[in-house]
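Notes for the one structure printed next.
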Amino acid sequence: MDTDLASIDIEAVIDIMANKLADQMKRRRIVEPLMIGVHTGGLWVAEKLHQKLGLTKPLAEIDISFYRDDFTRIGLNPQVKPSHIPSEVEGEHIILVDDVLYTGRTIRAALNEIFDYGRPDSVTLAVLVDRGARELPLHADIVGLELDLSPEKQVKLTGPAPLALETNRN
Amino acid sequence: MSSSKQPASTSFKAPDSSRLQLDEQGRLRHFLTTEGLSKDILTDIMDVAESFSSVGNQAVKKVPVLRGKTIVNLFFENSTRTRTTFDLAAKRLSADVINLNIATSATSKGESILDTIRNLEAMHADMFVVRHSASGAAHFIANNVEPHVSVINAGDGSHAHPTQAMLDMFTIRREKKEFSTLKVAIIGDILHSRVARSQIHALNTLGVKEVRVIAPKTLLPSDTDSLGVHVYSDLRTGLDDVDVIIMLRLQRERMGAALLPSEHEYFECFGLTEEKLAYAKPDVTVMHPGPINRGVEMDAAVADGPHSVILQQVTNGIAIRMAVMTLTLGQNKVAG
């Protein structure tokens, strides 16, 4: 399993994601979306997508540490990064990008943070990997890779160059 | 002479708070003084504050991180500005805040500090932000609270004012990026200044090149040697080649103690003017904790001039207080 994941060509997966995103944007007549990458892995994927799609609006970034639902259990990670989201989220079509979709809690936190900046017209979720085992009623619109992993397996994106998937048991 | 060096109201011993404020894992549990804290912890505080700075840009200027927590601002000594920024910081973290001015409250009816604390704990307070005219008051309270409660020192006597010092460090880092090359001058009433003490500890821990204090001899503490500072009593000499100037507020109430001849004479010797500013580096940063006595500590032209970051200090103060509140309450939860 581990060797399988490590041998996946991430660039090629992101190419497929970019094509799917371009199709969907065209279908929904969205011209200038605002792309937001979730720190840290999601931002790496978003940087590539942003470039491949040739988006005009600068890439925004979000760190959801202050919106997590487990602060009372694990406290704050001091390595939290500032979020850089333009103050005019109002009326934007947002493409939210993350590396691995698992429980859905990160995306829940990211949506809450985005809505504290304003009311976007729509949010599209694009993820590199959907590994299943959701704990919240959320799904991704664009998925690069679907994996069926047992709950104790963790999958994580390493990068930024080169991007690779790795699993670790704990 | 020796009596003039003690603030009149000292009733607690100024303690070594450095151990009390860390938990078993060496993380911040209370924030009582910058003394004895590692460079890593001071850097963590500034890094987290940097992240909180973007919250001010949100349409909804709030993050939910301390939702459901109750923070009590316990001010035994008045300070509108400090209390307002703590209040705002707690609200931006979605905590519930109670402001108590004890000077006008229960203790004037004879209730002891411990009784006040026990009562507030019974109301499920999670944090006390303490301001007191006696050195060691916050330490005393931190020593007596329940394990899940954190205490932040918002100024105790002439001992420490760590959040003011950290917002100044944060402002310096945002202006200058790197501490190791900096010469920093602190000017004014060093003797009575809890701000100066906390700043000197933080500046030395963060590894600045040189810390100078510039003051009349009557306003210098006797232990300047152990503080690791260079002492100057002439403003122009002391300002030579400095990168950062930190002015202290001259507390008018000290004037009565005959430590200073007059405000006018103080301004002549130690007031910051554009002429004196020219002795420092061309890109010098000028700071002041506020409120400014214009024409006493500095000229209006300097306070409002291009080198001044006095208003940025106020904004940075909110982010620093958010960071300290989140770090202390967050680490605290692990034990509980």
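The range A:128-148 and the range B:300-325 have their alpha-carbon centroids 45 Å apart.
Projecting label points 7 angstrom from Cα along Cα→Cβ for residue B:234 and residue A:77 puts them 5.5 nm apart. As a rough footprinting exposure proxy, the listed residues B:247, A:25, B:46 were ranked by other beta carbons within 10 Å of their own, and the order from fewest upward is A:25, B:46, B:247.
Pairwise alpha-carbon distances in the range B:162-313 exceed 29 Å for 7% of all pairs. Dimensions of the range A:1-90 based on its C-alpha atoms, expressed as ranges along the principal axes with the largest first, amount to 44, 42, 18 Å.
In order along the range B:148-155, phi translates into HN-Hα couplings of 8, 9, 9, 10, 10, 7, 9, x Hz, rounded to whole numbers, per the Karplus curve 6.51 cos²θ - 1.76 cosθ + 1.60 with θ = phi - 60° and x for Gly and Pro.
Step through the table entries B:183/B:217; A:81/B:281; A:48/A:81, compare each Cα-Cα distance with 27 Å, and write down the pairs that go over it. It would help to have the intermediate numbers written out before the result.
Working: B:183/B:217 21 Å; A:81/B:281 32 Å; A:48/A:81 20 Å.
Table pairs above 27 Å Cα-Cα are A:81/B:281.
With 32 Å as the cut-off, how large is the P(r) tail for chain B, expressed as percent of Cα-Cα pairs?
Details: 15304 of 56280 pairs.
I get 27 percent for the Cα pairs in chain B exceeding 32 Å.
Normalised by the number of residues in chain B, the mean separation of alpha-carbon contacts (under 8 Å, six or more apart) gives a relative contact order of 20 percent. Would you mind classifying chain A by shape? Square roots of the alpha carbon gyration tensor eigenvalues, ordered a ≥ b ≥ c; an a/c under 1.5 is rounded, otherwise it is prolate if a/b is larger than b/c and oblate if not. Taking the square roots of the gyration eigenvalues as a ≥ b ≥ c, chain A is oblate. DSSP finds beta bridges in the protein assembly as shown, and of those with both partners inside it, around 15 percent are antiparallel. Only beta bridges with both residues in chain A are counted; by DSSP, about 25 percent of them are antiparallel.
Run lengths n ≥ 4 of DSSP H only: what is the helix-derived mean residue ellipticity at 222 nm for chain B, with -39500 (n - 2.57) per run over all residues, to the nearest 500?
Values: 13 runs with 125 residues, N = 336.
Calculated mean residue ellipticity at 222 nm is -11000 deg cm²/dmol.
Cα-based radius of gyration for the protein assembly as shown, normalised by 2.2 N^0.38 Å, reads 1.12.
Quick note: the coordinates plus some simple rules give every number you see, no bench work behind them. It should be emphasised that the depicted structure is a prediction, and the values quoted were computed from it without experimental measurement. Counting neighbours? That spans all protein chains shown, and the Cβs are built from the backbone with ideal geometry, glycine included.
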